[in-house]
Amino acid sequence: MSEPLILGIESSCDETGVALVRGRTLLHDAVASSVEEQARFGGVVPEVASRAHLEAMVPTIDRACREAGVRLRDVDAVAVTAGPGLASALIVGVAAAKALALGLGVPIYGVNHLAAHVAVDVLEHGPLPEPTVALLVSGGHTNLLRVDDISERITSLGHTLDDAAGEAFDKVARVLGLPYPGGPHIDRVAADGDPRAITFPRGLTTGRDLHRHRFDFSFSGLKTSVARWVQVREAAGEQIPVADVAASFQEAVVDVLTAKAVAACAEHGVTDLLIGGGVAANSRLRAVAEQRCAAAGIRLRVPRPALCTDNGAMVAALGAQVVARGRHASRLDLPTDSSLPVGQVRL
Ligand code: KG4
Ligand code: ZN
């Protein structure tokens, strides 16, 4: 008998994602993004995201089924992001998932968005070694996790105390006059810059800070430091060396992320590291992570960029693993939880 067909729905931020997964096979991943509508605000406006989800949800479900070559009535279970994320955005996906589960008479699994960012990698690289250390870096989150069982045992090792890594990229891009979202632009511009041109601060990496916040991150001091560096020179009428500033900023972020991720693996005796989230698309992050993991004897897994950013495939992939391990389904009246802790994989 073939493995169950799982329909996954993601709506925690500005991407409406719907995907169909059977076992570890992705049949189709349909994503509708409101990022262009958000660009004129320079960030995600929850009500804009929520309305965009409402408009995109049914067409995206239809498209996913059509492209996957399945009918809705073939679906064996529905998985949906129940949190963390924007409350008004989450509720659209969860309402759609409940309607489908009720209409089709199949179970519903409300799952954790962060766990889904980890689970998605099985679609590309096969079964996830457990334990694995996972570094999640996106516009909304920066987390270092230890994954002992993707369906129910994930522990937080550290997280950002202020800005997420992607948020820092977006804010620095704005200071440098680059468009939103800024991460890909900084990545591109930095390729022509010198990463050692300017020494920007590495948050929580020295002395008492490191001791108390061994696996935590802080990027707001770095962001402010870059902004001040640029302002002082602009006020003096100097030309801003955009490529050097971008490369030096990017180096500071990448240095801290990779150093702490590798240190977490060493301290926990874990030999596998996974990097996910939109910032995992960063070319310098991928290169430095590869070097440092190779030097430390750690196997590195990074899903392809389309699976790193928010999508329905990650939710369906986690749902498939939860179902395969025989975990309980959620109740049909499951709530959303915008601050769902990472340790709670299912609701
Ligand atoms: O995972 P994602 O699509 O959405 C969430 O925030 O959940 O991540 C988007 C973030 C944005 O901040 C964007 O600037 C950043 O990922 N990003 C990058 C790159 N591509 C996307 N940051 C650095 N380098 C990149 N190449
Ligand atoms: Zn995400």
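Structure values in brief
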quantity: From the options ARG146, ARG71, ARG51, ARG66, residue that is more than 16 Å from ligand 1 (Cβ to nearest atom), at pLDDT below 95 and either over 19 Å from LEU7 (Cβ atoms) or not small (Gly, Ala, Ser) (or both); calculated: ARG51
quantity: Residues of the range 322-347 that turn out to be at positive phi and in contact with a strand residue (DSSP E or B) (Cβ under 8 Å, 6 or more places away or on another chain), as a count; calculated: 0
quantity: Hits in the range 1-50 - residues which are of a type in the set (Ser, Thr, Tyr) and within 16 Å of ligand 2 (Cβ to nearest atom); calculated: SER11, SER12, THR16, SER33, SER34
quantity: Test set (1) touching a strand residue (DSSP E or B) at 6+ places or on another chain (Cβ under 6 Å); (2) farther than 23 Å from SER34 by Cα; (3) part of a helix (DSSP H, G or I); (4) not basic (Lys, Arg) - ALA313 fails condition number; calculated: (2)
quantity: Matching residues, the range 131-143, being away from ligand 2 (no atom under 12 Å from the Cβ) and within 16 Å of ASN112 (Cβ to Cβ); calculated: THR132, ALA134
quantity: Tally, over the range 254-280, of residues that are assigned to a helix (DSSP H, G or I) and under 12 Å from ASP121 (Cβ atoms); calculated: 1
quantity: Any chance ARG146 is under 16 Å from the mean Cα position of the chain (by Cα) and away from ligand 2 (no atom under 16 Å from the Cβ); calculated: yes
quantity: Residue in the range 19-40 that is farther than 30 Å from ALA261 by Cα, part of a helix (DSSP H, G or I) and modelled with pLDDT of 95 or more present; calculated: no
quantity: Residue ranges of helices (runs of 4 or more DSSP H) in the range 161-245 with at least 3 members of a type in the set (Phe, Trp, Tyr) and within 26 Å of LEU136 (Cβ to Cβ); calculated: none
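The values are calculated or read from the model by the stated rules, or taken from the named source; none is laboratory data. Since the structure is predicted, the reported quantities are computational estimates derived from the model, not experimental observations. Don't worry about glycine lacking a Cβ; one is built from the backbone with ideal geometry, like all the others, and counts go over all protein chains shown.
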